[in-house]
Every structure is written in C-alpha cells, then in structure tokens.
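Beneath this line is the structure, given in structure tokens, with notes to follow.
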C-alpha cells in the first residue's frame, strides 16, 4: 500500500512541477524544492525523469526560439535576453542588473537600463518589418539594486492602423518594479 501511495505522490508532484514551470519558467531547482516542499535532489531527479533541462538550458532554448521570430528589430538591439516571443501578441525578456548598471553611491540601478529593457521588448513584439517608439508612459515603482534579475513581460493590448499599444510590466523576484505603456509605430524602412 505504501509503495502505491508513494508512486501516486510522485506522479502528482511531477505534474505540479510541470505546471509550475509552465507558468513560471525561470524558477530554480531551489525555488521548486521550496514550493513543492521536497529536497533539491528530488527536484533534479524529477526533472531528469521528465526530460526537463536545468534553468540555464531552458532559458537558452527559449531564447534561441524567440530570436528566430524577431521582425521589427535585430537581436542585438534587445536589451536583456529575449526569452519568449509571440509576434503581435506578447514577449518576455530577462536582464540581470550588473555592477556597471548601478549608480556608484547608492547601488540603485540606473533607470535607463530598466527603460531600455521594456522599450526594446515592446519593439520586439511588433509584427512589422520596422517600428519606432511613438509614446512612452513609464512608472518606476521601487528601486532596483545590483544583482537583481528582472523579468519584463510585454503584451500588445490594441492595434490601430500602424500603431501598436503595448504594455510592459517588469518584476524582480518579489514584485513589480516598473510599468510602462507604449505606442509603437510601424514604419516603412
């Protein structure tokens, strides 16, 4: 009886693991272990059994896939790392704040890096041969410090003629740190 229950528990845990990674693909093995209340070793064994690569490999695969879809801008023009892209709909990018991105005195991230991540992601989601930023309405919500990992998610909320209305929300591990609304304009180049 105990063996059967252990197998059922394992199956449920592995389903939960797959579900968690579907909604939050950037969870580390440590994050998953904490969420599912098992050891990191158990998570690693589950991932191996399910054929799910480690975080770095998952991010690399997603990034390669996303880069091939870029249309309005080149991959070198994206600030941060493009992780997911559905042209005309949505996109996700990731950026770690490094020491050269922070102010010397306070170690707070310079705002233009956070803006650049959001702005380039908004451009990346545009389903047009070329686009530029028409309007940007931005709000810095909390200070970001060196070492923090930022995940930006863009969503095209409306398209009117050659104008795309794109919202980008940027989070660190705990909360939203930056929010922006863009009107991107597709252009003939």
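Rule-based calculations on the coordinates, nothing more; no lab input. What you see is a predicted model, and the numbers here were worked out from it, not measured in a lab. Every residue, glycine among them, receives a Cβ derived from its backbone with ideal geometry; neighbour counts consider all protein chains shown.
Order of 5, 62 from fewest to most other C-beta atoms within 10 Å?
Least to most surrounded, the residues fall as 5, 62.
Report, in deg cm²/dmol and to the nearest 500, the calculated mean residue ellipticity at 222 nm for the chain, where each DSSP H run with n ≥ 4 adds -39500 (n - 2.57) and the sum is divided by the residue count.
So the calculated ellipticity at 222 nm is -11500 deg cm²/dmol.
Provide 150, 48, 123, 55 in ascending order of the number of other Cβ atoms located within 10 Å of each residue's Cβ, fewest first.
The order, fewest Cβ neighbours first, is 48, 55, 150, 123.
Could you work out the Rg to Rh ratio of region 94-139, with Rh taken as the Kirkwood radius (inverse of the mean 1/r over all Cα pairs)?
So for region 94-139, dividing Rg by the Kirkwood Rh gives 1.08.
At 7 Å along the Cα-to-beta-carbon direction for both residue 49 and residue 7, put a label point, then send me their distance in nm to one decimal.
Simple spin-label model gives 1.1 nm for this pair.
So for 151, 187, 126, fewest C-beta neighbours within 10 Å to most, what's the order?
187, 151, 126
Calculate how large, on average over all directions, the projected area of the Cα convex hull of the chain is; give the answer in nm² to one decimal.
Its average projected convex-hull area is 12.6 nm².
Using the scaling law 2.2 N^0.38 Å as the reference, what is the normalised Cα Rg of region 2-52?
Here the Cα radius of gyration is 1.08 times the empirical estimate.
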